[in-house]
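Student: Pasting in a structure now, in structure tokens, and then I'll have a few things to ask.
The values are calculated or read from the model by the stated rules, or taken from the named source; none is laboratory data. Nothing here was measured: the structure is a model prediction, and the numbers come from that model. Because the Cβ atoms are built from the backbone with ideal geometry, glycine has one as well, and the counts that use them run over all protein chains shown.
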């Protein structure tokens, strides 16, 4: 550098500064898209970019709830909102503390799918005191119930599904047929109500007899299989079973075949009919494989998206919206399976 003149030194320093500026700009990234790390989706722009949504997930290991959360994340990304989710791991006490944790993190709104609505009511009250609206799903099992202090809630109408299954079994089965159920051990209101409606409606038909319900303690296939085995032991002539979700239906089907019994099909009308709920991929595959007769689409993408839309209306638009919204669960069977839109397809189409 000894031979460098003052003027050339100036050009050299200017060049170095320009290169550094370009480097910083390149490392900074673009303003579009979203970044997800664990349970958090970062906002990147849009009309709701200053809004942080807190989500209390009851059991992230559950396939339906995974897609519900994905629906929330996708709709929030479209609005430019940030999402922070915490998994309650099927523990209602943890769900209460999770909601308090979200308040500490400074969220503007909380979305919650409750394990036990009564247990988390104090957490809802604390959010309300901080002027943080809470939007729920299936706190009430039908319209017109307590609002639990919620700003808005979605009702899935699962009771109608339970009634529809009872009628389906009555239409398909001969006189003297026994029917049973696999329920969920956790006291989730929507599941309890659906299975109760199935029992009550079944008792209205003279040709079918409701013989009992076993509850899945682990919310998965492995937990359902021994429960169905118990039903078969107590009721060896059972002709149909309704399970609260598709994993439980798949577990029930496995228990049926493992106990030397057959499953219903058009070619085997004397087999045991298995119907699930949710339209999880396991259930869709089971229907295609002839291991399950039908399911109901719980619409997790649609409900997740709808909750974020409600959050925007309440927090951003400051709009007055209805306290309740019903999103029905559609029937999916062997006859309609080919026209079913997968949750991944629905998620990709969300815009």
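Student: Given the criteria more than 19 Å from the chain's Cα centre (by Cα) and free of Cβ contacts under 8 Å to residues at least 60 places away in the same chain, does residue 341 qualify?
Tutor: no
Student: Identify, from the list 134, 179, 188, the residue that is more than 29 Å from residue 240 (Cβ to Cβ), crowded, with 23+ Cβ neighbours inside 10 Å and touching a residue at least 12 places away in the same chain (Cβ under 8 Å).
Tutor: Answer to the selection: 134.
Residue-wise test of (1) modelled with pLDDT under 95; (2) in contact with a helix residue (DSSP H, G or I) (Cβ under 6 Å, 6 or more places away or on another chain); (3) in the same structural domain as residue 82 (by TED's automatic domain parsing).
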site: 287; (1), (2), (3): no, yes, no
site: 304; (1), (2), (3): no, yes, yes
site: 309; (1), (2), (3): no, no, yes
site: 315; (1), (2), (3): no, no, yes
site: 318; (1), (2), (3): no, no, yes
site: 333; (1), (2), (3): no, no, no
site: 338; (1), (2), (3): yes, no, no
site: 348; (1), (2), (3): no, no, no
site: 351; (1), (2), (3): yes, no, no
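Student: Could you check the stretch 60-107 and list, in sequence order, the residues that are in a loop (DSSP other than H, G, I, E, B) and farther than 19 Å from residue 153 by Cα?
Tutor: Applying the first criterion (in a loop (DSSP other than H, G, I, E, B)) to the stretch 60-107 yields 60-62, 80-81, 88-91, 105-107.
Listed by number, the residues that qualify are 60, 61, 62, 80, 81, 88, 89, 90, 91, 105, 106.
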